[in-house]
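The structure appears right after this line, and notes come after that.
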Amino acid sequence: MVVAGASAGFLGCLFSPLIILILLVGVIVICAIGVIFWPLVLICQIFGCGGGGGGGGVDTDQVAEAFNGDGKGEVQEAAVPAAFLKYIQDAGEECDQIGPVVIAAQIQQESGFREQLIGPDGAKGISQLPPDKFDEYGEDDDDNDKTSALNAGDSIRAQGRYMCSLAKDIDRLIADGGVKDEEPNSLDLTLAAYHLGLDEVRKAKGVPEYGGAQAYVFGIRTSFALYSGVVDYPEGSGYPSVSPLPLDSISARPRDEEGTER
């Protein structure tokens, strides 16, 4: 019922080869997740589905290239709230492996840019880090004399540090032969580790086929074209999110501790 109902709303998207590709990928991962279709809504907003609006002049080859890219380019400034831009740029400069496009797309997936979000699992803030990880990586990055997951600057910069730490762990895992794919994608593995934890990636020897990990990676990559500037963001159209965002699916990673400020 969920698949049939959601699919009916996206029939207008099927005229784009890229959308067909994305839908096919969605079919592959649909059994592993609760909600797959919110990234497709974003794509429909970009391309104009069902005959309405959208970017008819979009180069689908460039969109596909962005989807498969590393997210290391400059972030499209108009596509993120101005108050968060500097933090996203700084978080994307923490290490060579993780760029600002990844950080922005990940925030979209985690919270829809809602700074005060409290997730169903107790995680807090715009980046929805596991509480123990925020305790480890969070600092007073907005210089307000406190460190809080509900402060966007603290949360986003902690996200960047944690992602970089995970990326280094993934690089070691790949070097040690701990991944089953012959040509593993280190960014996909890092995103999966953020979502489910590094131990789950180790056990699966790749992106796990459970816990929504594949859909999490897929959803973030879907936003790369927007945040990299391949697709111009229409001025005054608001920031891309679906209301309500499927937070129970997004925050499916196992967390036992309550989020706390310090």
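For the stretch 142-158, name all the residues that are buried (at least 21 other Cβ atoms within 10 Å of the Cβ), out of contact with any Ser or Thr (no Cβ under 6 Å at 6 or more places or on another chain) and either within 16 Å of Leu198 (Cα to Cα) or not basic (Lys, Arg) (or both).
Let us first name the residues in the stretch 142-158 that are buried (at least 21 other Cβ atoms within 10 Å of the Cβ), namely 149, 151-158.
Checking the rest, the ones that are also out of contact with any Ser or Thr (no Cβ under 6 Å at 6 or more places or on another chain) come to 151-153, 157-158.
Scanning the stretch 142-158 gives Asn151, Ala152, Gly153, Ala158.
Among the residues of the stretch 70-95, write down those that are under 13 Å from Leu187 (Cβ atoms) and either without any contact (Cβ under 8 Å) to a residue 24 or more places away in the chain or buried (at least 19 other Cβ atoms within 10 Å of the Cβ) (or both).
Of everything in the stretch 70-95, those that are under 13 Å from Leu187 (Cβ atoms) and either without any contact (Cβ under 8 Å) to a residue 24 or more places away in the chain or buried (at least 19 other Cβ atoms within 10 Å of the Cβ) (or both) turn out to be Gly71, Gly92.
From the list Val207, Val242, Val230, which one is modelled with pLDDT of 95 or more and out of contact with any Cys (no Cβ under 7 Å at 6 or more places or on another chain)?
Working: Val242 fails: modelled with pLDDT of 95 or more; Val230 fails: modelled with pLDDT of 95 or more.
Step by step, each of Val207, Val242, Val230 is checked, and only Val207 is modelled with pLDDT of 95 or more and out of contact with any Cys (no Cβ under 7 Å at 6 or more places or on another chain).
Can you confirm whether Tyr137 is free of Cβ contacts under 8 Å to residues at least 40 places away in the same chain and hydroxyl-bearing (Ser, Thr, Tyr)?
Numbers: free of Cβ contacts under 8 Å to residues at least 40 places away in the same chain: yes; hydroxyl-bearing (Ser, Thr, Tyr): yes.
Yes: the conditions hold for Tyr137.
In the set Ile107, Ile126, Ile103, which member is touching a residue at least 24 places away in the same chain (Cβ under 8 Å) and in contact with a Lys or Arg (Cβ under 7 Å, 6 or more places away or on another chain)?
Values: Ile107 fails: in contact with a Lys or Arg (Cβ under 7 Å, 6 or more places away or on another chain); Ile103 fails: in contact with a Lys or Arg (Cβ under 7 Å, 6 or more places away or on another chain).
Within the list Ile107, Ile126, Ile103, the selection yields Ile126.
The values are calculated or read from the model by the stated rules, or taken from the named source; none is laboratory data. Not measured: the values here are computed from a predicted model. Using ideal geometry, Cβ is built from the backbone for each residue, glycine included, and neighbour counts are taken over all protein chains shown.
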